[in-house]
Structure formats: C-alpha cells, structure tokens
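What follows is a single structure, written as structure tokens, with notes after it.
The values are calculated or read from the model by the stated rules, or taken from the named source; none is laboratory data. These numbers come from a predicted model, not from an experiment. Every residue, glycine as well, gets a Cβ built from its backbone with ideal geometry; the counts of neighbours run over all protein chains shown. For the accessible areas, the whole protein counts, side chains as well, though only heavy atoms, and no ligand, DNA or RNA atoms are used. Shrake-Rupley method; radii C 1.70, N 1.55, O 1.52, S 1.80 Å.
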Amino acid sequence: MNAIVLAILVMVSLSLARVSVVFALIVATLVGGLYAGMPINDILNAFNDGLGNGATVALAYAVLGAFAVALSRSGITEVMANRAIRRFHINETGSSRRMVTFTLLAALLAAAVSSQNLIPVHIAFIPVLVPPLLKLMNHLQLDRRLVACVITFGITAPYMLLPVGFGAIFLNDILLTNLNESGAELGLEVTRQMVPMAMVIPIGGMALGLAVAALFSYRKGRDYEDRDLAHGEESPAEAAQHLKLWQKVVLAISLVGTVAVQLYTGSMVLGGIFGFALLSLSGVFRWHEQDGIFTEGMRMMALVGFIMITAAGFASVMQASGEVEALVSSSTDIIGDNKGLAALVMLLVGLFITMGIGSSFSTIPIIASLYVPLALNFGFSPLATVALVGTAAALGDAGSPASDSTLGPTAGLNADGQHDHIWDSVVPTFIHYNIPLIVFGWVAAMML
C-alpha cells in the first residue's frame, strides 16, 4: 500500500472515531512517514518546516473569532436575531418558515460566492457573519449540516468555474499555467477559454449535490440550544438595552472597516484587529473586559487554527516522502489500456492526494506534471485533460478534515459548541460534493 493512502486512511479512520483531528493528523503523519521509509528525524524536520504555512491563517482566524465574540458581547447580534424572529413570525409553521429558511440560505450562499470574487475575503467572512445568525437558525430549526454544505459550495464552486477573484488564480495562474508547462513538449496547448468550459460538467455535479442536501438529506428540522457566545458582567441581551445610536454606527463602521482593511492590506489579521479596536474604543463593552473577550474569541477558534497548522505539517511530510509520484506510477500498473478506468483511477488518486494536502491550489503543481503525460498517452482531448486535472485537484478539498473549505464553516457554525467538524461538516460535504465530482468528472473526461 502507498504511504499516502495509508496515512489518509489512518487520519480519516481516527477522525470518524471522534478522535481529535489534530491528534489524527499527527499520528497519520508518523505512520505515513515511517511507512515511506523516512527516518524519524526527517519526518519531524519536514513536519516542523511545514507548520509555518498554516500559522498565518490560524492567527487570522483567532483574531476574527475575537472580533465575532466582541460583536456578540455588544448585544447587537441579539437585537438583530430577535427582530428577525419577530418580523418573520418564525414561531409559526408552514410556508413562512420555509421562505425564511431558504432566504437565509440564499443570503449565505451569495455571501460565500461573493467572498471568492466580488469581495475576495475568502473564508474570513464566516467567523464574523455566521455566529450572529446561529440563534436565528435555532428558531428555524435549520440543520447546520445543510448550512455547511451551502457555505462550502459557495467557497469552492466559484473558484473552480469563474475566472475572477480567486478563480482567476486557480484557473489561470495555477491550472492553466501548470497544464501548459507540463504539456509543452507533448504538444498540449490550453487556452483560457477552455478551462472554465472543461469544469462546467464537474461543477454541475456539485450543484446537484447541493440540491440533494437542501431538498432531501437535511430537509427536516434539527433542534439546537440558544447559547450566548460571550459571557461578561452582563448578558448580550442586557448589553443591547443601553446601546446608543452612535455606538450602532461604530458597529457598522467596524464591520465595513474590517473588510476594507483586509482588502487594502491583504491581511486578515489586520482587518480583525481594526474591527476589534473600534469596538473596544466605542464602549459597547467595559474596557477591562476586552482582554477576556479577546481570549474567549481566540479560544473559540483554537481548534480550527491548530488543525490548519498541523495539516500544513502533514502535507509537508507527505510531499517530502516522494510517495505522490509513487502513488501515480503504481496506479498506472492496474489501468492497462482501459481509458475509462484510467480516468477513474486518476480522479481517485487526486482525491487521496488532495485530502492529505487539504488544498486544491497546492495540489495542481504536484499532479499536473504527472497527469498530463498520462492523460495524453490514453488519448484524452485537451478539454478532457483539463477536466481530469482540475477535478482531481479539487477533489477532497470539500471533504477533507484539513481543508479550509470545511474548517471555515465549522469555525462559524461551532461557535456555540453544537456543530461537530467531522460528522457535521466533513462527512456531509464529502457525500454531497466529492462523490458527484468523481462521477461528473469522469463523465466530463469521457465526453469532452
């Protein structure tokens, strides 16, 4: 068995058994590295070298978590949730509840899609936008697994299909560039127009998965408790009673300013710090409470941050092991001359690689040089080759315990401790997106 396959199986098995994802990643790293024949010192050195790749995002999430808790502590989120509950008569049953539910889901989907292109903040919007909506979701009895599926679709499908924002980076700067570089000596020439065309069918599979999740899998209600995100000298409801108009204006400015500072500086950390500083100066909570609020927010995001850091170390060891190339070459031995089997095996290999690395952006440079000659050798067209490499790289991004596509939704939905990362984010997105991606990616490779 290939070391990467073994490591992924260990990680997934431990995670499904409700072992901490951080612990599962560390154990999988050691198992995969030792099985690949790496000395323990080399494993530790590669692991330590990779840790820094996840530190920036982890720190950003911690700061944004503090900002989210500060917003909750001000009481403004309590006011907004209660107003929405009264306005839409959420205690009533029937069409009114369904209308509000689908309106909320549509708004979250629009926010997620916009975060990839219109306002390219990626996953930074989730810890700020989602926690204040949890109480509203509770009264709607909205299954958070469906919300996770909606957000994950919104932050993955756009960059795989639309060549703007992060999509321009994924489709043009990474996928297109690596395809042409890998196929230059083999006569492959891919244009910018071809890349989105090749990804339409695979994304159609993801859209079908989203529809199944919304209309069938998670259509029934699910009960959650109303829990305060912040615990100070007074509750958020009490704090809301003495909010002044100018403080509400400062709250609005802090929200807009957080996004503006991030876009201007390119730093989620500075954006979160700016928003938190404004709230501290506005007096929406007592000055001596700010340290406790900041600590509480960082604690809320600690698990997500440590998973991101550990996943970066895991990916570093897997790449240092040299087992990626071995996995691809060994898979060709079982293909023979069967074109359909070749497409399926390439997609499955891409699934294992991406689930380990946790990022489709980082996977493409690794597999493009290996997949392009293989695809052309089996007679796949340029469009089919694009679909194979693009889908293989994206596979696992939505269903990996270490991917920001699943960690992001968990960070927001688990703000009150009622959303499990593996069973409520990873498993639902894997079922509804990765399986359709394999099927529709294979269809695209055979049709194009």
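Would you confirm, using the coordinates I've provided, whether Glu185 is touching a helix residue (DSSP H, G or I) at 6+ places or on another chain (Cβ under 7 Å) and open to solvent by 40 Å² or more (accessible area, probe 1.4 Å)?
Criteria not met by Glu185.
Which one is farthest from Leu14 (Cα to Cα) among residues in segment 393-419 that are open to solvent by 10 Å² or more (accessible area, probe 1.4 Å) and acidic (Asp, Glu)? Once the filter is applied, the top-ranked residue is Asp416. Taken as a whole, segment 24-42 holds no residue that is open to solvent by 10 Å² or more (accessible area, probe 1.4 Å), assigned to a helix (DSSP H, G or I) and at pLDDT below 85.
Taking every residue in segment 171-192 that is in contact (Cβ under 8 Å) with a residue 24 or more places away in the chain and pairing it with any residue that is open to solvent by 70 Å² or more (accessible area, probe 1.4 Å), at least 6 positions away or on another chain, the pairs with Cβ-Cβ distances below 9 Å are Leu171/Leu162; Leu171/Arg192; Gly183/Glu189; Leu186/Asn377. Reported count of residues in segment 199-223, each being open to solvent by 40 Å² or more (accessible area, probe 1.4 Å) and part of a loop (DSSP other than H, G, I, E, B), is 5. Taking the condition under 23 Å from Phe166 (Cα atoms), in contact with a Gly (Cβ under 9 Å, 6 or more places away or on another chain) and surrounded by fewer than 24 Cβ atoms within 10 Å (Cβ to Cβ), does Pro436 pass? Spelling it out, Pro436 is indeed under 23 Å from Phe166 (Cα atoms), in contact with a Gly (Cβ under 9 Å, 6 or more places away or on another chain) and surrounded by fewer than 24 Cβ atoms within 10 Å (Cβ to Cβ). Can you confirm whether segment 420-428 contains a residue that is open to solvent by 10 Å² or more (accessible area, probe 1.4 Å), touching a helix residue (DSSP H, G or I) at 6+ places or on another chain (Cβ under 6 Å) and over 19 Å from Gly209 (Cβ atoms)? Looking through segment 420-428, at least one residue is open to solvent by 10 Å² or more (accessible area, probe 1.4 Å), touching a helix residue (DSSP H, G or I) at 6+ places or on another chain (Cβ under 6 Å) and over 19 Å from Gly209 (Cβ atoms).
When Asn45, Asn41 are checked against the criterion of being over 19 Å from Gly399 (Cβ atoms) and out of contact with any helix residue (DSSP H, G or I) (no Cβ under 9 Å at 6 or more places or on another chain), a single residue qualifies: Asn41.
As a summary of the residue check, Thr77 satisfies the conditions (1) under 30 Å from Ile253 (Cα atoms); (2) at pLDDT 70 or above; (3) buried (at least 19 other Cβ atoms within 10 Å of the Cβ); (4) of a type in the set (Val, Ile, Thr) except for the one numbered (2). Contact map, segment 242-263: residues that are closer than 16 Å to Ser280 by Cα and open to solvent by less than 50 Å² (accessible area, probe 1.4 Å) paired with residues that are of a type in the set (S, T, N, Q) and in a helix (DSSP H, G or I), Cβ distance under 6 Å, separation 6+ or inter-chain. Pairs shown: Gln247/Ser282; Val250/Ser282. Entry remark, segment 101-124: residues being at pLDDT 75 or above, over 18 Å from His419 (Cα atoms) and open to solvent by 10 Å² or more (accessible area, probe 1.4 Å) number 11 in total.
Looking only at residues of segment 375-392 that are part of a loop (DSSP other than H, G, I, E, B) and of a type outside the set (Gly, Ala, Ser), we find that the one that is most open to solvent (accessible area, probe 1.4 Å) is Phe378. Looking for something at pLDDT 80 or above, among the β-branched types (Val, Ile, Thr) and open to solvent by 20 Å² or more (accessible area, probe 1.4 Å) - is there at least one such residue anywhere in segment 157-168? The answer is no, given that none of the residues of segment 157-168 is at pLDDT 80 or above, among the β-branched types (Val, Ile, Thr) and open to solvent by 20 Å² or more (accessible area, probe 1.4 Å). For a quick check of your reading of the model, give me the residue pairs whose first member lies in segment 127-153 and is closer than 19 Å to Glu296 by Cβ, whose second is open to solvent by 10 Å² or more (accessible area, probe 1.4 Å) and outside any helix (DSSP H, G or I), with beta-carbon atoms closer than 7 Å and at least 6 apart or on different chains. So the pair list comes out as Pro131/Leu229; Pro131/Ala415; Leu134/Ala415; Leu134/Asp416; Lys135/Asp226.
Taking the criterion of being modelled with pLDDT under 80 and of a type in the set (Gly, Ala, Ser), no residue of segment 1-14 qualifies. In segment 393-404, the qualifying residues are those that are of a type outside the set (D, E, K, R) and assigned to a helix (DSSP H, G or I), and the one that is farthest from the chain's Cα centre (by Cα) is Ala393.
Out of Phe314, Phe294, Phe361, one residue alone is open to solvent by 30 Å² or more (accessible area, probe 1.4 Å), aromatic (Phe, Trp, Tyr) and at pLDDT 75 or above. It is Phe294.
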